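J.: Sending over a structure as structure tokens; questions will come in a sec.
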Amino acid sequence: MGFASAYLHDRTLFPEFIKESPDRETGIVIVIPAYDEPEVVRLLDSLHECDIPPCTVEVFVVVNAPSGASRQSLENNELTIKNIQAWKRIHTETFFRLEYFDVPVDSIKGWGVGLARKTGMDEAVRRFETINRPEGIILCLDADCQVSRNYIVEVYNEFLCNRKRQACSIYFEHPLKGVEFSADVYQYIAQYELHLRYYLQALMFTGFPDVFHTVGSATGVRALAYVKSGGMNRKQAGEDFYFIQKLIPAGGYFYLNTTTVLPSPRPSFRVPFGTGASISKLAGNIAGDLETYDLGAFRDLKLLFALTDNLYSCKSSGLADIFTGLPVGIKTFIPEDEFIIRLTEVKNNTAGYSSFRKRFYTWFNMFRIVKYLNFVHRDIFVKKTILSQASDLLLELGLSDDSGNAADLLVRYRSLEKGI
């Protein structure tokens, strides 16, 4: 029995795509979903220009389409395959093995980015199983990305060679200028990325542990950690958030900030939320300003999380008194009875503060935080522009704010993350 035998038997959806055995030095497999992506060769060019790592690398492009895909999209899928084939004929000396999987639309229901990632990542596990390499790295990219020249080498140096590290979020930056898109699109992507970084810094401000970006095109995971997590889900949007939330509690999750993934700022409505959908919605917004969560909602979370010492040390009878002093938003989101029952359960099943804290944040996890933020922004808080909230958070952190626009603010927030 190999490290992934049971997973491959029970959890995969397709038989093996590649019959030829992998090179025994294969250490990194890059998985790229491609739906309506004839320009994927630009990413292949970017990977081809990368510095060559000491291990063998494989690249899988999973060409897929949802049911009901337009004729134009299906034709573009055919063009994608032709372009990949042409690219392979030209680049016979590339350092990575390139494969594409042409998955029929009607082969299975629910095609979307989650299922496409799963298909490629499962095949990557098969490859690592064949050579008994559970420590092998599976990287996720999107077809419209570019990467820094040191992308693969830094994954090798900072991840593959450090056995304690199990999964990661890779540093990313959207382009803020260029000729490929209109000036408005670059303005909108600055706001959207600023929202992502404001959200991350605001969560850190609350004291919530293990805060990470959940950008599907900038993640990596060891084959064994992938198997232990149950693999990628089939969600058609938000698959990255759900997947990463399974990986973080297992330990060994880290920021890989020594290289950069460059996602595209292009508008798109292929999924209901995410980068492309957000840019499209901003383009249709007359005000042109992205709104985000009020900083006040994070201040209330900070007050709750600061009470973990008291919650652990107080008797169950004292939980009602603590609840009375909580902010209105927290008390509205969590009824008193539920608060007392959950905290009593946490206290009764932990032997020390460390285990109490871990169990507490297993209950009040990222899923609950997202539900809380959406809940309190219905009646208690009002979403505000990202520029105002990102500026307010800098001041809250004791940092001066002399930024005049979203791009300037974003540069400040990027520099904060580079230090993580």
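The values are calculated or read from the model by the stated rules, or taken from the named source; none is laboratory data. As the structure is a computational prediction, the values presented were derived from the model and not from experiment. Every residue, glycine among them, receives a Cβ derived from its backbone with ideal geometry; neighbour counts consider all protein chains shown. In case anyone asks, the SASA skips ligands and DNA or RNA and just uses the protein heavy atoms, side chains included. Shrake-Rupley method; radii C 1.70, N 1.55, O 1.52, S 1.80 Å.
J.: When averaged across all projection directions, what area in nm² does the alpha-carbon convex hull of the stretch 341-420 cover? Don't jump to the answer; show the numbers that get you there.
T.: On the way: hull surface 31.4 nm².
For the stretch 341-420, the mean projected area of the Cα convex hull comes to 7.8 nm².
J.: Another one. For the stretch 173-247, report the translational diffusion coefficient in µm²/s to the nearest whole number, using Stokes-Einstein at 37 °C, 0.692 mPa s, and a Kirkwood Rh over Cα pairs. Walk me through the numbers on the way to the answer.
T.: Working: Rh = 14.6 Å.
The Stokes-Einstein estimate is 225 µm²/s.
J.: Tell me, in nm to one decimal, what length is gained between Arg368 and Asn349 on full extension, where the rule is 0.36 nm per residue of separation less the Cα-Cα distance?
T.: Contour length minus Cα-Cα distance gives 4.8 nm.
J.: May I ask for the percentage of alpha-carbon pairs in the chain that lie more than 41 Å from each other?
T.: 20 percent
J.: Continuing with this model, one more query. Quick one, what does Rg over Rh come out to for the stretch 68-207 if you take C-alpha atoms and the Kirkwood Rh?
T.: For the stretch 68-207, the value is 0.99.
J.: Run the accessible area of the chain with a 1.4 Å probe and give the carbon-and-sulfur part as a rounded percent.
T.: About 51 percent, which is the carbon plus sulfur part of the accessible surface.
J.: At 0.36 nm per residue, minus the direct Cα-Cα distance, what do Cys314 and Asn405 gain on full extension? Give it in nm, one decimal, please.
T.: Values: separation 91, 0.36 × 91 = 32.76 nm, distance 4.66 nm.
Length difference between fully extended and current span is 28.1 nm.
J.: If you don't mind, there's one more thing I want to ask. Tell me, rounded to the nearest percent, the portion of alpha carbon pairs in the stretch 52-138 spaced more than 16 Å apart.
T.: 61 percent
J.: Using every alpha carbon pair in the stretch 8-71, what percent of pairs falls into each 5 Å bin from 0 up to the bin containing the largest distance?
T.: 4, 12, 18, 21, 20, 14, 8, 3, 1
J.: So which of Lys302/Lys383; Lys315/Lys418; Lys347/Lys371 end up more than 30 Å apart by C-alpha?
T.: Lys315/Lys418, as the Cα separations exceed 30 Å there.
J.: Where in the stretch 391-420 does the label zone of Asn157 land, with the point 7 angstrom along Cα→C-beta and an amide N cut-off under 18 Å?
T.: Only 418-420 pass the distance filter.
J.: Positive end of the charge dipole of the chain (Lys, Arg +1 and Asp, Glu -1 on Cβ, about the Cα centre): tell me which of Gly398, Leu311, Val215 has its Cα farthest that way.
T.: Towards the positive end, the residue furthest out is Leu311.
J.: Another question about this same structure. With a Förster radius of 60 Å, plug the Cβ-Cβ distance of Ala86 and Val382 into 1/(1 + (r/R0)^6) and report the FRET value to the nearest 0.05.
T.: Once rounded, the FRET efficiency stands at 0.70.
J.: Can you compute the label reach from Leu176? Point 7 Å from Cα along the Cβ direction, backbone N cut-off under 14 Å, restricted to the stretch 191-219.
T.: Inside the label zone: 191-198.
J.: For a bin width of 10 Å, list the pair-distance distribution of the stretch 108-149 built from all Cα-Cα distances, rounded to whole %.
T.: 24, 41, 32, 3
J.: Net charge around Phe243, counting only other residues with Cβ within less than 12 Å of its Cβ (Lys, Arg = +1; Asp, Glu = -1)?
T.: On the way: positive: Arg117, Lys118, Arg234, Lys235, Lys246; negative: Glu239, Asp240.
Result for the neighbourhood of Phe243: +3.
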